[in-house]
1. Which one of these is acidic (Asp, Glu) and either within 14 Å of chain A (Cβ to nearest Cβ) or touching an Asp or Glu at 6+ places or on another chain (Cβ under 7 Å) (or both): B:GLU486, B:GLU456?
2. Of all residues being near ligand 1 (Cβ under 6 Å from one of its atoms) and not in a helix (DSSP H, G or I) in region B:6-27, which is nearest to the other protein chains (Cβ to nearest Cβ)? Just the residue, please.
3. Only one of B:ASP362, B:ASP368, B:ASP326 is open to solvent by less than 20 Å² (accessible area, probe 1.4 Å) and not β-branched (Val, Ile, Thr). Can you tell me which?
4. Out of the residues in region B:323-344 that are in contact with an Asp or Glu (Cβ under 8 Å, 6 or more places away or on another chain) and not in a helix (DSSP H, G or I), state the one that is farthest from the other protein chains (Cβ to nearest Cβ).
5. Which members of region A:33-50 meet the condition of being open to solvent by less than 40 Å² (accessible area, probe 1.4 Å) and of a type outside the set (S, T, N, Q)?
6. Name every residue in region A:205-225 that is in contact with a Pro (Cβ under 8 Å, 6 or more places away or on another chain) and more than 9 Å from ligand 2 (Cβ to nearest atom), in order of residue number.
7. Scan region A:62-80 for residues that are surrounded by fewer than 24 Cβ atoms within 10 Å (Cβ to Cβ) and within 16 Å of ligand 1 (Cβ to nearest atom) and jot them down.
8. Being open to solvent by less than 20 Å² (accessible area, probe 1.4 Å) and charged (D, E, K, R) narrows it down to one of B:ARG454, B:ARG408, B:ARG393, B:ARG482, so name that one.
Amino acid sequence: MKKRTLKIKRFNPTKDKKPYWQEFVVEAEDTDRILDALNHIKWYVDGSLTMRRSCAHGICGSDAMCINGKNLLACKALFKEVGDDVTIEPLAGLPVIRDLVVDMEPFMEHYRTVLPYFISETPPPSYGERLQSIEERKIFDDTTKCILCAACTTSCPSFWARGEYIGPSAIVQAHRFIFDSRDDGAAARLDILGNADGVWRCRTIYNCTNACPRGIEVTKAVGEVKKEILFSTL
Amino acid sequence: MAALYTGKEVDTAVISKLYPTRSHTGAAQGGIGAALGNLEEDHWEWHAFDTVKGGDYLSDQDVVEVMCKDAIDIVYELEHMGLPFDRTSEGRISQRRFGGHTNNKTKKAVMRTCNAADRTGHMILQTLYQQCIKNNVNFFDEFQVVDLIFEEGECRGVVAYEILTGELHVFHAKGVMIATGGWGRVWSVTSNALTLTGDLNAILLRNGYPMEDMEFFQFHPTGLHKLGILITEAVRGEGGVLINSEGERFMNRYAPTVKDLASRDVVSRAIYLELQAGKGINGERYVHLDITPETVNHYFKEDDARAVDGKLRSITAEYVQEKLEDISDFCETYLGIEPTKDPIPVHPTAHYAMGGIPTDVDSRVFSDENNTILSGLYSAGECACISVHGANRLGSNSLLDLVVFGKRGGHVMVQEVKEKEFGKIDAQKAIDKVQAEFDAILNSKGQNSPNEIREEMQILMTDKVSVFRTKEGMQESVAKLRKLKERFKSIKVSDTSKCFNLELLEAWEVGCMLDLALVTAKSALARQESRGAHAREDYTERDDANWLKHTIAFLNSDGSITLKYKPVTVTKYKPQKRVY
Ligand SMILES: Cc1cc2nc3c(=O)[nH]c(=O)nc-3n(C[C@H](O)[C@H](O)[C@H](O)COP(=O)(O)OP(=O)(O)OC[C@H]3O[C@@H](n4cnc5c(N)ncnc54)[C@H](O)[C@@H]3O)c2cc1C
Ligand code: SF4
Ligand code: FES
């Protein structure tokens, strides 16, 4: 066990005029998660510290936050990687509700605009599955992993500059369907993504790829969508 | 799944304390069981037999048959909704081996579990949510249900706490479906999310309605050492083996035919016995799960394990990496090890509630041991007990259970709701009741920490009401839980804010879990036999003469518990001795 200092940006709209920083000193192992320390503070030091979390092992997407300047899931970030002194802020670019909790609604709204569901014009076989080859399935495998944590979108300077930009996460979601051999909705989605606040706002900065806790090659997916739009308009 | 069916026909609101995509179904790794027979011969009747045997004959066999038969269509339906299953070389849905699923003729493991890499649950959750968006289902995200409204013996709505604003809302309904998942957080080492606290099960108990078979809680054999994070059975399905400190593959001794792929209760007990015999690795309380190609291929040879084409089975590091991507990621992130090179340290972890809200085959809730239907209320998923899983659930049968019975429940709700008028409710009274409960917590002058109480409960339950149980241990648990409940009456919550007051809600959840823990311990204490996940050191055998029956537990208003029983439905499969 080692002493660690957590400097956390606090804000409670029912009493604070503006956010402030607060420091907590906790004992933690190198292999402890940042989330373990946050839970310890919440449960035994200051019950008012507020953050979302659920699965505690990086699959539900609840606890993305900015830890030492990087967007990480608190449950997947260990002290041995992050260091002894840890600064924690809410995700940038989304309105803060309280402490580390941000309003996800603008993010979810972008998500919903890309028609993030399977669209097929051909009826399925009357019995059995639609066929798809192992290779066809592989093309969109990476983007099926997305857990909608928003780490990518809220690390993107283009999104900070303009909240209307649909953002990398929504593009990842669209990619998952555009490249699915069984889906027929690509044209409609490419249309949406080809508009002014779609893929062209991406400046290939790679922050999203670096931020993704699921290891999705986000920038590559965005690039593939861009290419598809260019081909479809030829 | 239910909302998808009701949403197309009648006004539907989905109320969830989490964003729906944060639900713990997203954590399910291995897959969903259905006898498609895509890779080798299989039949739904075999699936049904395996489920009944896995459940140690406590499953109601009529509903098991429905589930296993419906399984095939429902998996195709999910595929038609776009679910990205892995594929076979013919382009069909890929299937893998899982514990307890067998070819009933050869008794060997059969490839029945349909999978999408090792994130099948994630894909199911995403696909169903996507379809709900497509069909404009209404979502109330981050609204926590804190009470059900009953009038004239009928459920007529819910009271929900809006997490953002702290406001209480009444949802007046003709039908309510409960699908709130498990309560693994009653134990200290668990594969379950922090939010799996069994709120609605506790609410039902407090309103005088019973829980079925609560003593049957599954401990999954392979949780990551200390953390409890699940390492899917698919690791063993792909060939992984359990090894003790002597380098021995000990499952040979406990389940000579299917070995590491015996059902979960059997494997968890085997690990406990190895640990008790001092055969934990480095003298500690864990064993190794080895999926390194070297070890796996060695045992394939020893077992003469053949693939469908008749060739000797073998795996490569790349194959493991591809099929078990998330598992590799967990091991690397949390333990700094690579499963293709190093064995994984594991021990049993609290995993799945077989028991829960008693329901019929169309997810209608029963209000007593005589199967009287509680009008207006439905339940499906882990919180419900139909009971298909009996005393021990087979892997990949839960995802199946929740889609099959979610759909059936959804269908029936539509029919029943369409024929009905709104019943009268007193909304103010419903709100006042909950407000009083919360005020009592907020205004309490007590000094007890709800978090300390939760921790003590979790450690107690892990020590005394887990893989092996004794009369003394359970008696002690009941007594201690009663004391914890007393202490809970004077807790302290520091946060009085209306905005995102998770401290208040979490304290309230501790109260829910205490009730569930108590009912679990009491039901377990009463059952004087060993069956499935309920293994007693003082009654080591299954006792069909006296105990082939379901427990129906009521929580009385004075805090005492009344236990009643109802018979198990047996159709084709007569109880036999269970060997793997
Ligand atoms: C790590 C892991 C791996 C698993 N792998 C498999 C597998 O491979 N195959 C398999 O078949 N099964 C598997 N299982 C079991 C299976 O995943 C679960 O039993 C199943 O997903 C439970 O689904 P559910 O819909 O019942 O509940 P959940 O998915 O847990 O959803 C519960 C929902 O209820 C909401 N809720 C809870 N309380 C309230 C409240 N008070 N008010 C409002 N909303 C509330 C939550 O917000 C959530 O949306 C696994 C389980 C775990 C933990
Ligand atoms: S792409 Fe990655 S970072 Fe972006 S929302 Fe999905 S999981 Fe999160
Ligand atoms: S708590 Fe689920 S991703 Fe961190």
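The values are calculated or read from the model by the stated rules, or taken from the named source; none is laboratory data. All of these numbers come straight from a predicted model, not from anything done at the bench. Here the Cβ positions follow ideal geometry from the backbone for every residue, glycine too, while neighbour counts run over all protein chains shown. The protein model used for the area step is the full one, side chains on, heavy atoms only, and it has no ligands, DNA or RNA in it. Shrake-Rupley method; radii C 1.70, N 1.55, O 1.52, S 1.80 Å.
1. B:GLU456
2. It comes out as B:LEU18.
3. B:ASP326
4. Start the filter on region B:323-344 by keeping residues that are in contact with an Asp or Glu (Cβ under 8 Å, 6 or more places away or on another chain), which leaves B:323-328, B:331-332, B:338, B:343-344.
Subsequent filtering for residues that are not in a helix (DSSP H, G or I) retains B:324, B:338, B:343-344.
Details: B:LEU324: 14, B:GLU338: 15, B:PRO343: 18, B:ILE344: 14 Å.
Result: B:PRO343.
5. Answer for region A:33-50, where residues must be open to solvent by less than 40 Å² (accessible area, probe 1.4 Å) and of a type outside the set (S, T, N, Q): A:ARG33, A:ILE34, A:LEU35, A:ALA37, A:LEU38, A:ILE41, A:LYS42, A:ASP46, A:GLY47, A:LEU49.
6. Within region A:205-225, A:ILE205, A:ASN207, A:THR219, A:VAL222 meet the criteria.
7. Correct list: A:LYS76 only.
8. One residue alone meets the criteria, B:ARG393.
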